[in-house]
1. Has the stretch A:95-104 got at least one residue that is of a type in the set (Lys, Arg), more than 16 Å from the chain's Cα centre (by Cα), closer than 23 Å to A:GLN19 by Cβ and more than 13 Å from chain B (Cβ to nearest Cβ)?
2. Restricting to the stretch B:55-78, what's the tally of residues that are more than 14 Å from every other protein chain (Cβ to nearest Cβ) and either exposed (fewer than 13 other Cβ atoms within 10 Å of the Cβ) or not small (Gly, Ala, Ser) (or both)?
3. Does A:THR112 fit the bill of being more than 12 Å from chain B (Cβ to nearest Cβ) and either surrounded by 19 or more Cβ atoms within 10 Å (Cβ to Cβ) or within 29 Å of B:GLU72 (Cβ to Cβ) (or both)?
4. Take the stretch A:1-23 and flag every residue that is loosely packed, with under 14 Cβ neighbours inside 10 Å and within 23 Å of A:MET53 (Cα to Cα).
5. Quick check: anything in the stretch A:82-94 at the interface with chain B (Cβ under 10 Å from one of its Cβ atoms) and over 19 Å from A:TYR50 (Cα atoms)?
Amino acid sequence: MIALTSDPIDVSAALRFLQSDQAGAIDFFLGVVRDNTQERPVDRLEYEAYDRMAISEMQKIADAAQEQWPILRYTIIHRKGTLQIGEIAVLIGVATAHRAAAFEACRYIIDTIKQTVPIWKKEVFTNGESWVNAHP
Amino acid sequence: MNSTISVLLFGITRDLTGQSAVSLPLADGTSVSDLLSQMHQAYPALAGIRSLLIAVNGEYAEADQLLAQHDEVALIPPVSGG
């Protein structure tokens, strides 16, 4: 399951979706809004997405992960809009029979999302703002 | 025959231009790299961005890909999801 959403991410619902009698391992990665960047205090993050392409690029990543590991179920949920400190910005969940594949697939999915999926975050500081990664 | 093509803008490129889409003239045989040059000419502030890619119809495009009037074109600044 892949989703881009303006609503808070429901971790319990994701867990229920991933559970099955064959799933001996379920791995989650949660990306959470931190209160600082290199010690500069962050007030909030503002996420923006090119929706149709963000979904299709996340689907490509999930498909590639399924080719590399025996994944029973996966879920990828990314927030957009304004997020406050402590909110979950992204959830990756992978269910497999054994733990090694779940760890590896989960890491592959989040690392690749950060490289290819057209989603952008702006850090809003108490004294200014900046699009992450945009400048040399 | 000259036509125009619309380019979707996101993140820092939307902030720099103040618009979520811009319209540019499209000559026959315009490639992705031609369009990027046109964008840089029209909006010199784009030069301050680390990298800019173009997506055509929701897929990352190669520099030599040719554009057609009804393509959905988007300028993709460095992504920062997660």
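1. Looking through the stretch A:95-104, at least one residue is of a type in the set (Lys, Arg), more than 16 Å from the chain's Cα centre (by Cα), closer than 23 Å to A:GLN19 by Cβ and more than 13 Å from chain B (Cβ to nearest Cβ).
2. Of the residues in that region, 8 qualify.
3. No.
4. A:MET1, A:THR5, A:SER6, A:ASP7, A:PRO8
5. Within the stretch A:82-94, one or more residues are at the interface with chain B (Cβ under 10 Å from one of its Cβ atoms) and over 19 Å from A:TYR50 (Cα atoms).
For (1) out of contact with any Pro (no Cβ under 9 Å at 6 or more places or on another chain); (2) surrounded by fewer than 17 Cβ atoms within 10 Å (Cβ to Cβ); (3) under 15 Å from A:VAL33 (Cβ atoms), each residue gets a yes or a no:
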position	(1), (2), (3)
A:GLN84	yes, yes, yes
A:VAL90	yes, no, yes
A:ALA97	no, yes, no
A:ARG107	yes, yes, no
A:LYS121	yes, no, yes
A:TRP131	no, no, no
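FYI, it's all coordinate maths here, none of it is from the lab. What you are looking at is a predicted structure, and each value in this text was computed from that prediction instead of being measured. Here Cβ is always computed from backbone atoms with ideal geometry, including for glycine, and neighbour counts include all displayed protein chains.
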